Amino acid sequence: MTAIAIFLACLSQFFLVIGQLMLRRGMRVTPVRVGSVAAGIGLLTVWFFLWLGLLADWDLSRLFPFEGLNPVLVVVGAWLFLKERVPLSGWIGIGLISLGVALVTSS
Amino acid sequence: MGLKRWFFNPFFQLGLDALLVTAAELLLKKGAMTGASLPRSIAWIGVGALASAWTWLGILAYLLSFACWLYVLRHIPVGLAFGLISIAQVLVPLGAWMFLGEAISPRRWIGIASVLCGTVLIARIVVTSSQT
């Protein structure tokens, strides 16, 4: 993969993770924070088209490390920014899921 | 009343979300393959697929899955919910294996097993914490 493709893949993951965090931030309270949810939808839209563009140029089996890392990035982000507490077995579970997604998409 | 409570259970919505995402991906794939063939100069954007009803069903499934996802995020922490929804990634190869008779490589089986083990671990945490 070219340096630009790797950069775009990292950027798209960034939009996905922040978008998901914004959705949760908006949805977890009553009343719902509409601004956060709208921002989340906007970020996920950017992610969707960036990822679609990458998939058009590269085979999914080349993009598997990025696909696999998503669950880990989201749980780390939620821990850092939303103060979600995750027990040790949760981190192990997320690790297994990430590894599994990477293995499934790479072959 | 019982049915309503069952439908609004976050776990039911999460499962429905996973099935809808899987269905959406399969429908979009089918739409992309059966869509009108356009001149190559514009075909790369994928607009040809919009001519297929399958594509629109796929988009509808995506929109419904997003509604489920928003509901899930009201009740389950996003770090854990995102791990659980990753099960959709293994439903496609599993579905193709069960219904289309497609082969799954040993490497893929290991990946599927790994995702399922992780999902069980996460699900146990979510169930335990939602009971307290």
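All of the numbers you see were taken from the coordinates with simple rules; none came from a lab. All of these numbers come straight from a predicted model, not from anything done at the bench. Here the Cβ positions follow ideal geometry from the backbone for every residue, glycine too, while neighbour counts run over all protein chains shown.
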Here the Cα Rg-to-2.2 N^0.38 Å ratio for the range B:61-132 is 1.29
Neighbours of B:L73 by Cβ distance under 10 Å: Lys/Arg at +1, Asp/Glu at -1, summed charge +4
Once normalised by the length of chain B, the mean sequence separation of its alpha carbon contacts under 8 Å that are 6 or more apart gives a contact order in percent of 27
Relative to the compact-globule estimate 2.2 N^0.38 Å (N residues), the Cα gyration radius of chain A stands at a ratio of 1.15
Averaged over the residues of B:118-129, the number of partner chain Cβ atoms within 10 Å of each residue's own Cβ comes to 5
Final fewest-first order of B:T34, A:T30, B:T128, B:T22 on the 10 Å Cβ neighbour count is A:T30, B:T128, B:T34, B:T22
Helix B:53-75 sits off the longest principal axis of the Cα atoms of chain B, rounded to the nearest 10 on a 0 to 90 degree scale, by 20
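Can you list which of the DSSP-assigned H helices in chain A have a Cα extent of 30 Å or more along the long axis and an average Kyte-Doolittle score of at least 1.0?
TM-like helix candidates: A:3-27, A:34-57.
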Of the convex hull enclosing the alpha-carbon atoms of the range B:2-131, the direction-averaged projected area in nm² is 10.2
Using alpha-carbon coordinates alone, the radius of gyration and Dmax of the protein assembly as shown in Å work out to 18.0, 59
The relative contact order of chain A, taking Cα pairs under 8 Å that sit 6 or more residues apart, comes to a percentage of 30
Measuring from the longest principal axis of the C-alpha atoms of chain B, the long axis of helix B:106-131 (C-alpha) lies at a number of degrees, nearest 10, equal to 40
